[in-house]
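J.: Please read through the structure below; I'll follow up with questions.
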Amino acid sequence: PDDCNFYVSVQLTNGWGEPLTLPVRTAYRDGRVRLTWNEWLILPIKYRDIPRDASLVFSVWGVQDDMRPDPLSSQADPRKPSASTTLPLFTHHSVFRRGSQKLRLWPNEVPDGSISSTTPGKSLMKNGMDMIEKLVKKHDSGEVARVDWLDNLAFREIGREHQKASSRSKESYLYIELQKFDFTVVHSESIAGNRSDHPMMRVYDPDQEMENPVEAKHRRLVRSHRAGHLDRELKPNARIRDDLQAILRYPPTQALGSEEKDLLWKFRFYLTRDKKALTKYLKCVVWTDPNDARQAVELLPEWEHPDVDDALELLGPFFRHREVRAYAVAQLERAGDEELQLYLLQLVQALKFEGMTTSPSSLSFTPRSTQHSSSILADFLIRRSITNPTLGNYFYWYLKVECEDPLSGGTYTKVIQQYLTALERVHPDRKDVFKRQGRLVHWLGRTAKELQLSKDTRPRKEEIFRQRITDPARQMTNFEELPLPMDPKIRVTGIVPEQSRIFKSSQSPLNVAFSCANGRLYRTIFKAGDDLRQDQLIIQMITLMDMLLRKENLDLKLTPYKVLATGPEQGLVQMIPSASLAEILSVHEGGLLAYFRKFNPDPSSMDSYGVSPSVMDNYVKSCAGYCVITYLLGVGDRHLDNLLITQEGHLFHIDFGFILGRDPKPFPPPMKV
């Protein structure tokens, strides 16, 4: 009707017609003139989150002046639209539509966004005008060459034909403009590239892994041994020095270009004074070239000694040359036992990159004890583990877990046999300790699995658990003093059945209370069915961050509790006396303040809201510290049940099953406070 004002609403739906976003709408336009909105509508969804079967549903609404609703309202109009249409966002080739689109309007129909839509905007029947409009669209996108004089004549004639076709047609159309991209946007390469009606044949190119002979010749000329005497005196100018510093700031995972590699090689003698430059320089060496490898190895003793973290990078999968790995182990010799323990987890993982059958090196910087060993790193770790019981305890259990790996388990089995053989010659009593620890862990694992599979109630499971502890044949209530595998400084003498329980969880983890030699109680959690190696890694990272922060005189009151994976799907976790935020908020009406005031009241302290200032300081600092740490590590799946707080105000996180940006919930926040 001429007395109506019209607007268009747009909504995104999936293949079943279910809405994915709230509708957005245009402004009102007078129905007495040609309806032209000429405005962009932005839907509240990212391109990467649009499913393959998504469609845009358009509704044209006619509203009389006295019935016009609030234009800012986001609620859908309850009346039937004047017309509607549907546009699938992807073609049958999974290509995202772009540019101008002509959609047929279906009068007095509710839009249908399903795959078999009853209001399709695109028709399979094409007339002559549709073909012309398709060619015009190609012309606009540059697919058809532009000829100005011919274009003017053609468009003038096209305009006249369009007017004639419009006057004869009884159908209405909606013209829209989608976002244009420089390149084709495909939803899924696997769908678009592997269609059954377009089979692709894979042809192996035998030269694809071979080196370009021109580049190889250029490299040999640039890096010839004769040029070494000239390179030794080279000094970079200010611009090149800035370029070198920029390269040295690259993260370890960033690949170096050919020009950057040549630059590092050219000024390698100048860079020997910078310990951070060693790893970058070794990455520009072509180790398959004997000349390159020889010059690189000869330069290693002249280099400034790298830090432990840089030496760790030299033990990664990229550096397989034995002399480089021997040099890295020689640098680790300078690290103390406590520092070595911080990186022990990564050092054990680096064993899988060792050439276990390569002949030993005889360079001067190779440790003496490696001269007759099949693995330089393994020999070093075994020697240090024998001299330090705490380091040896963790080394044994880290190896024990990896022995079950189907790919590299043989390597770790060989190393653990070498370790136990060497330990038996020097400290046979410590080998017996490992056997007793193994029996304890095996008993806990078998008990946890059986209780997990049991269909009894939790009180009945706890009763069975206590009966097994008190079984005289097992002798679990009182045994010879034993270092706890998770923390060998804690020496336990038995399990207290009255204090041991089972948590209310689908996995039924065990709450094991150990009696210690000093008369105290030490609580642990034994989990079966969960891989704790990822939690173990994150706790190691938090411990390392805490150490670095303390070196800068910044104590954020962090709580890096102990975690030890004793198998691929089981392990021990230290239990810190605390309560979850969910429990605190459900029990204490006043929330955290009521919880703190109950255990640490200080009515005279108005600045800390009636709570002891030290407790409030612990809470504020630990909250700030974990906010930053979880953001840096991309920890996901944060909720009130895995945020714990001690009575002293220490906040800490547990359950690190999702890290590095992964999260089970859609659209997770980047920072969890």
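The values are calculated or read from the model by the stated rules, or taken from the named source; none is laboratory data. The structure presented is a predicted model; accordingly, all values stated were derived computationally and were not measured. We place every Cβ from the backbone using ideal geometry, glycine too, and count neighbours over all the protein chains shown.
J.: Do you know which of the residues in segment 61-102 that are modelled with pLDDT of 90 or more and aliphatic (A, V, I, L, M) is surrounded by the most Cβ atoms within 10 Å (Cβ to Cβ)?
T.: Per the stated criteria, the residue is LEU87.
J.: Also: Could you tell me how many of the residues in segment 86-105 are of a type in the set (A, V, I, L, M) and within 31 Å of the chain's Cα centre (by Cα)?
T.: The total comes to 2.
J.: Tell me, which residue of segment 360-376 that is assigned to a helix (DSSP H, G or I) and out of contact with any Phe, Trp or Tyr (no Cβ under 9 Å at 6 or more places or on another chain) is modelled with the lowest pLDDT?
T.: ARG368
J.: What tally of residues in segment 245-275 results from selecting those that are more than 18 Å from PRO301 (Cβ to Cβ), in a helix (DSSP H, G or I) and under 30 Å from the mean Cα position of the chain (by Cα)?
T.: 7
J.: To continue, here is another question. Quick one: which strands (runs of 3 or more DSSP E) lie wholly within segment 495-598 and hold at least 3 residues that are of a type outside the set (A, V, I, L, M), modelled with pLDDT of 90 or more and crowded, with 16+ Cβ neighbours inside 10 Å? Reasoning before the result, please.
T.: Working: elements: 510-516, 521-528, 563-567, 570-574.
Because the criterion is at least 3 residues that are of a type outside the set (A, V, I, L, M), modelled with pLDDT of 90 or more and crowded, with 16+ Cβ neighbours inside 10 Å, the strands (runs of 3 or more DSSP E) in segment 495-598 that meet it are 510-516, 521-528, 570-574.
J.: Shifting gears a bit: When both residues are 6+ apart or on different chains and their Cβ atoms are under 6 Å apart, which pairs have a first residue that lies in segment 285-299 and is assigned to a loop (DSSP other than H, G, I, E, B), and a second that is aliphatic (A, V, I, L, M)?
T.: So the pair list comes out as VAL285/ALA296; TRP287/ALA293.
J.: Now for a different question. Here are some residues: TYR561, TYR609. Which one is touching a residue at least 24 places away in the same chain (Cβ under 8 Å) and not assigned by TED's automatic domain parsing to the domain that holds TRP397?
T.: The unique qualifying residue is TYR561.
J.: What residue, of VAL573, VAL611, is under 19 Å from ILE542 (Cβ atoms) and β-branched (Val, Ile, Thr)?
T.: Selected residue: VAL573, the only one of VAL573, VAL611 that is under 19 Å from ILE542 (Cβ atoms) and β-branched (Val, Ile, Thr).
Okay, residues lined up against (1) touching a strand residue (DSSP E or B) at 6+ places or on another chain (Cβ under 7 Å); (2) of a type in the set (D, E, K, R):
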residue: TYR394; (1), (2): no, no
residue: SER408; (1), (2): no, no
residue: THR421; (1), (2): no, no
residue: ALA448; (1), (2): yes, no
residue: GLN452; (1), (2): yes, no
residue: THR457; (1), (2): no, no
residue: ARG466; (1), (2): no, yes
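J.: Hey, among the residues in segment 455-466 that are free of Cβ contacts under 8 Å to residues at least 12 places away in the same chain and either assigned to a loop (DSSP other than H, G, I, E, B) or of a type outside the set (Lys, Arg) (or both), which one's surrounded by the fewest Cβ atoms within 10 Å (Cβ to Cβ)?
T.: It comes out as LYS455.
J.: Within 26 Å of the chain's Cα centre (by Cα), crowded, with 17+ Cβ neighbours inside 10 Å, small (Gly, Ala, Ser) and farther than 23 Å from ASP531 by Cα: is that true of GLY636 in this structure?
T.: no
J.: Further question: Output the residue which, of all residues in segment 43-58 that are in a loop (DSSP other than H, G, I, E, B) and in contact with a Pro (Cβ under 8 Å, 6 or more places away or on another chain), is nearest to GLN101 (Cα to Cα).
T.: The qualifying residue nearest to GLN101 (Cα to Cα) is ALA54.
J.: While we're looking at this one, here's another question. Among (1) at pLDDT below 85; (2) within 27 Å of ILE538 (Cα to Cα), there is one condition THR357 misses while meeting the rest; what is its number?
T.: Result: THR357 fails condition (2) only.
J.: Same structure, new question: Quick check on segment 17-42: of everything there that is closer than 16 Å to THR85 by Cα and in a strand (DSSP E or B), which residue is nearest to the chain's Cα centre (by Cα)?
T.: Per the stated criteria, the residue is PRO19.
J.: Can you name every residue in segment 322-344 that is closer than 13 Å to ASP309 by Cα and of a type outside the set (Asp, Glu)?
T.: Once the filter is applied, which keeps residues that are closer than 13 Å to ASP309 by Cα and of a type outside the set (Asp, Glu), segment 322-344 yields ALA328, VAL329, GLN331, LEU332, ARG334, ALA335, LEU340, GLN341, LEU342, TYR343, LEU344.
J.: Follow-up. Any residue in segment 335-364 that's surrounded by 15 or more Cβ atoms within 10 Å (Cβ to Cβ): show its pairings with residues that are hydroxyl-bearing (Ser, Thr, Tyr) and at pLDDT 90 or above at Cβ separation under 6 Å, as long as the two are six or more apart or on different chains.
T.: LEU344/TYR394; VAL348/TYR398
J.: Can LEU12 be described as part of a loop (DSSP other than H, G, I, E, B) and at pLDDT 85 or above?
T.: Criteria not met by LEU12.
J.: Out of everything in segment 302-323 that is among the charged types (D, E, K, R) and without any contact (Cβ under 8 Å) to a residue 40 or more places away in the chain, what residue ends up being nearest to LEU377 (Cα to Cα)?
T.: Among them, the one singled out is ARG320.
J.: Let me ask another. Let me spell it out: the conditions are (1) surrounded by 13 or more Cβ atoms within 10 Å (Cβ to Cβ); (2) under 35 Å from the mean Cα position of the chain (by Cα); (3) in a helix (DSSP H, G or I), and PRO488 meets all of them except one. Which number is the exception?
T.: Exception for PRO488: condition (3).
J.: A further question on this structure: Do the conditions hold for HIS162, that is, is it modelled with pLDDT of 75 or more, of a type outside the set (D, E, K, R) and surrounded by 10 or more Cβ atoms within 10 Å (Cβ to Cβ)?
T.: no
J.: Output the residues belonging to segment 305-325 that are in a helix (DSSP H, G or I), modelled with pLDDT of 85 or more and of a type in the set (Asp, Glu).
T.: Correct list: GLU313, GLU323.
J.: May I ask you to say which residue of ASP530, ASP432, ASP456 is closer than 28 Å to LEU345 by Cβ, among the acidic types (Asp, Glu) and more than 30 Å from the chain's Cα centre (by Cα)?
T.: ASP432
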